[in-house]
Amino acid sequence: MGSSSYRIGDGCSLSQALRCGRKSRFGWMQHVITVLAFVLFVVGCTVIGYMGWVLSTSVTVARFMSGELVFTYVMVTLGFLYFFSGLVGWVSSFSENYCLLRLFMVLVLLMIIGEVGGLITLYAMQFELADMLQISWNEVNQNTRNFVQNALECCGFTGPKEFAYTNSLLDSTCYQELPSEGVYTSETQAQTVQELRQDGCGIQMEHWIRANKVTWVPALACLAGLQILTLCTTMFVIKRKRKTQRSSRSSSTRQLHDYLE
C-alpha cells in the first residue's frame, strides 16, 4: 500500500502524521482542565499552608498522634486531596496523558464522596453547629482565636470565665477601650479604660454564620460546582477518547476488509 492509504490511530495519513501529532488530543478541553486543576491546586495549597501554620504553633507531636484532633485530621486530608488532585490534573492536561487523567477523575470523585459522606455522618450523628465550632475552636492556634475575638468583639468560646480554670492568659483582644468618665478641657486629652468583654465567641460565631448565609453558602456551592464540573469534564474527555478509538478500529477493520476483497 502507498503512503496515502496508510492510516494511523487518529485517522491521519502517513504523510500527515507529523502535522496531526502536533494537534492537542484533548482539544480545547485541555485549557478547561488546566484551569480547573489549577484552582483545586491553589485551594489545596491554601488549606495545607493554614493547617501547617496551626500545627506548628499550637499542637505538639504527642497530641497530633493521639487521634483526638478530628477537625485537624479532616482539614489536612481535604487539603492533601485538593493538592494532589490539582497537581495530577495539571500534569495530565499538560502531558495529555489519559492514565493520569483517569487518576485525576478518581481523586475528584473521592473528594466528592468524602464530602457528601461527611455531611451525611454529621446529620446522622446529630451534630449541632455549636458542637462543631467548639471542636474547631479547641484545635486552632491562639492567633486564630485572637483574630476571631477582635473581629467579633468577644472573649473565649463561652466567655472570660473559662480562663479562670486554665493557665491561659487573657489576650489584649479580650478587652475593649472605653472613654473614662470625667470632664476634659481642650488642653487635656481624654483618657480611656480597658473593659473586659463578657460575650463568648461561640455564640457570636454561630450568629455570624446564620446571619451571613448569603456569603458562605454561595462560596461552598461554587466549590462543589467546581468539583462536579471537573468530574464531568474529565469524563467527557475520556469518553470522547474511547469513542475515537472505537471509530478508528472500525475504520481500520473496514479498510482491511476492502483490501482483502
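On the basis of being touching a Leu at 6+ places or on another chain (Cβ under 7 Å) and under 30 Å from SER85 (Cα atoms), does MET111 make the cut? For MET111, the condition - touching a Leu at 6+ places or on another chain (Cβ under 7 Å) and under 30 Å from SER85 (Cα atoms) - is met.
Here is a check on your reading of the model: is SER136 farther than 30 Å from LYS241 by Cα, of a type in the set (Ser, Thr, Tyr) and touching a Phe, Trp or Tyr at 6+ places or on another chain (Cβ under 8 Å)? Judged against the criteria, SER136 is a match. Just to be sure before I move on: is CYS20 surrounded by fewer than 16 Cβ atoms within 10 Å (Cβ to Cβ), hydrophobic (A, V, I, L, M, F, W, C), modelled with pLDDT under 75 and in a helix (DSSP H, G or I) in the structure I sent? Against the criterion (surrounded by fewer than 16 Cβ atoms within 10 Å (Cβ to Cβ), hydrophobic (A, V, I, L, M, F, W, C), modelled with pLDDT under 75 and in a helix (DSSP H, G or I)), CYS20 qualifies. Selection of the range 40-72 for residues being of a type in the set (Ser, Thr, Tyr) and within 14 Å of VAL140 (Cβ to Cβ) yields TYR50, SER56, THR57, SER58, THR72.
In the range 160-194, of all residues being small (Gly, Ala, Ser) and at pLDDT 75 or above, the one that is surrounded by the fewest Cβ atoms within 10 Å (Cβ to Cβ) corresponds to ALA164. Of all residues in the range 194-220, those that are of a type in the set (Lys, Arg) have Cβ atoms under 6 Å from Cβ atoms of residues that are assigned to a helix (DSSP H, G or I), 6 or more apart or on another chain, in ARG197/CYS174. Between ALA130, ALA164, the distinction of being in a helix (DSSP H, G or I) and in contact with an Asp or Glu (Cβ under 8 Å, 6 or more places away or on another chain) belongs to ALA130 only.
The values are calculated or read from the model by the stated rules, or taken from the named source; none is laboratory data. None of these values were measured; they are calculated from a predicted model. Every residue, glycine among them, receives a Cβ derived from its backbone with ideal geometry; neighbour counts consider all protein chains shown.
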